[in-house]
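Chemist: To start, I am sharing the structure in question, which I have written as structure tokens.
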């Protein structure tokens, strides 16, 4: 029983159960323990999926489905968290929503938080703080209780930013990087170990695939590293197509990878990110200032790219081949904190109309073009990350 399976591989009952266990899908009923491959009808019987998803909808009811046909449609894919620093008492907050941003609650108050990430189920969470000890915190019960880990002693090198921590869909694999050290956990955060097989300058961005198998890490020296073994080693490296990589997005199986930079208005997209020879294509889709952020859905089909402190963003619904532009609303400026759920059918960002952070709101959308204003961020705080998977 395993998940993920290759995108063009037929899915068995055991594969589907593994995906449910990993938090990729939510079960409707008991899935038989068998290697029998499932049909379109059986997939919809066993788990909550998006039945309008094009490749799934195009199949006959008795046709076998492959991994790329299945996209989750559960409300769990609308869970989100965001983290803050420099609150009124010089503390950080982690705010959680289980209903697509309709309401939030504080699930953790601690020292200034640099980043926070969550598994799609909402059960597993990881955050980093700027403390010199106990500076990784994690939860395995949806934020009800938290534990600490001291892997990054001297944590002042963890500064507020995007993807300083990341997590696999199952929550088993967690990753953290400081300016010069990469850490991984294979035990849901219980223990972390450092990886030393990386060199070439200060780390600038990091992202893991949903499975956790592939981890991409960029350096200020212009090298893009990839781990094929859940962060144990980084045996593949290449010259990055852009210097100063600012943000990385990776699909569940590591096939689709996108990069943005502080030195370019291009988005760089790849459809062979998990092969022995990764190539990128430049897409000139951004406007305004540089320092852009990129996110994508689990299958790589849906992407959003935006510039910090700008008023429009770009999105793609066809794996980064073609792009359109949109806005949240007139006069609204983006903080750079944005994410999209695993299915690509729900997205959230934080933006302001005057001066951040005094009027910074969370906005959500189901279609990239129509946005709903949600929570006003607690006053006098700075957002450090928004996460939904």
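The values are calculated or read from the model by the stated rules, or taken from the named source; none is laboratory data. A quick note: this is a predicted structure, and the numbers were derived from the prediction, not measured. Note that each Cβ is placed from the backbone with ideal geometry, even for glycine, and that neighbours are counted across all protein chains shown.
Chemist: Within the bounds of segment 83-100, is there any residue that is at pLDDT 85 or above, loosely packed, with under 14 Cβ neighbours inside 10 Å and on the phi < 0 side of the Ramachandran plot?
Modeler: Yes.
Chemist: Test residue 312 against the stated conditions and say whether it is more than 20 Å from residue 55 (Cα to Cα) and out of contact with any strand residue (DSSP E or B) (no Cβ under 7 Å at 6 or more places or on another chain).
Modeler: Criteria not met by residue 312.
Chemist: Of all residues in segment 243-271, how many are over 19 Å from residue 169 (Cβ atoms) and within 21 Å of the chain's Cα centre (by Cα)?
Modeler: Summing the residues that are over 19 Å from residue 169 (Cβ atoms) and within 21 Å of the chain's Cα centre (by Cα) in segment 243-271 gives 14.
Chemist: Please work out if residue 322 is without any contact (Cβ under 8 Å) to a residue 60 or more places away in the chain, surrounded by 22 or more Cβ atoms within 10 Å (Cβ to Cβ), in contact with a strand residue (DSSP E or B) (Cβ under 8 Å, 6 or more places away or on another chain) and farther than 25 Å from residue 169 by Cβ.
Modeler: Criteria not met by residue 322.
Chemist: Which residue is surrounded by the fewest Cβ atoms within 10 Å (Cβ to Cβ), if the candidates are limited to segment 278-300 and must be at pLDDT 85 or above and more than 20 Å from residue 206 (Cα to Cα)?
Modeler: 284
Chemist: Quick check on residue 233: is it free of Cβ contacts under 8 Å to residues at least 12 places away in the same chain, outside any strand (DSSP E or B) and either outside the structural domain of residue 319 (by TED's automatic domain parsing) or in contact with a strand residue (DSSP E or B) (Cβ under 8 Å, 6 or more places away or on another chain) (or both)?
Modeler: No.
Chemist: Let me ask something else. Which residues, counting only those in segment 51-64, are surrounded by fewer than 19 Cβ atoms within 10 Å (Cβ to Cβ) and either touching a strand residue (DSSP E or B) at 6+ places or on another chain (Cβ under 7 Å) or touching a residue at least 12 places away in the same chain (Cβ under 8 Å) (or both)?
Modeler: Scanning segment 51-64 gives 51, 55, 59, 60, 61, 62, 63, 64.
Chemist: Could you tell me how many of the residues in segment 92-115 are part of a strand (DSSP E or B) and over 22 Å from residue 373 (Cα atoms)?
Modeler: Qualifying residue count for the region: 7.
Chemist: Condition first: in contact (Cβ under 8 Å) with a residue 24 or more places away in the chain and more than 24 Å from residue 119 (Cα to Cα). Now tell me which residues in segment 205-230 satisfy that.
Modeler: 220, 224 - these are the residues of segment 205-230 that are in contact (Cβ under 8 Å) with a residue 24 or more places away in the chain and more than 24 Å from residue 119 (Cα to Cα).
Chemist: Which residue is surrounded by the most Cβ atoms within 10 Å (Cβ to Cβ), if the candidates are limited to segment 157-169 and must be modelled with pLDDT under 80 and within 21 Å of residue 297 (Cβ to Cβ)?
Modeler: 162
Chemist: Could you tell me whether any residue of segment 248-256 is in contact with a strand residue (DSSP E or B) (Cβ under 9 Å, 6 or more places away or on another chain), modelled with pLDDT under 90 and either outside the structural domain of residue 185 (by TED's automatic domain parsing) or crowded, with 20+ Cβ neighbours inside 10 Å (or both)?
Modeler: The answer is no, given that none of the residues of segment 248-256 is in contact with a strand residue (DSSP E or B) (Cβ under 9 Å, 6 or more places away or on another chain), modelled with pLDDT under 90 and either outside the structural domain of residue 185 (by TED's automatic domain parsing) or crowded, with 20+ Cβ neighbours inside 10 Å (or both).
Chemist: Anything in segment 257-269 that is surrounded by fewer than 24 Cβ atoms within 10 Å (Cβ to Cβ) and modelled with pLDDT of 90 or more? List them, or say none.
Modeler: Matches in segment 257-269: 268 only.
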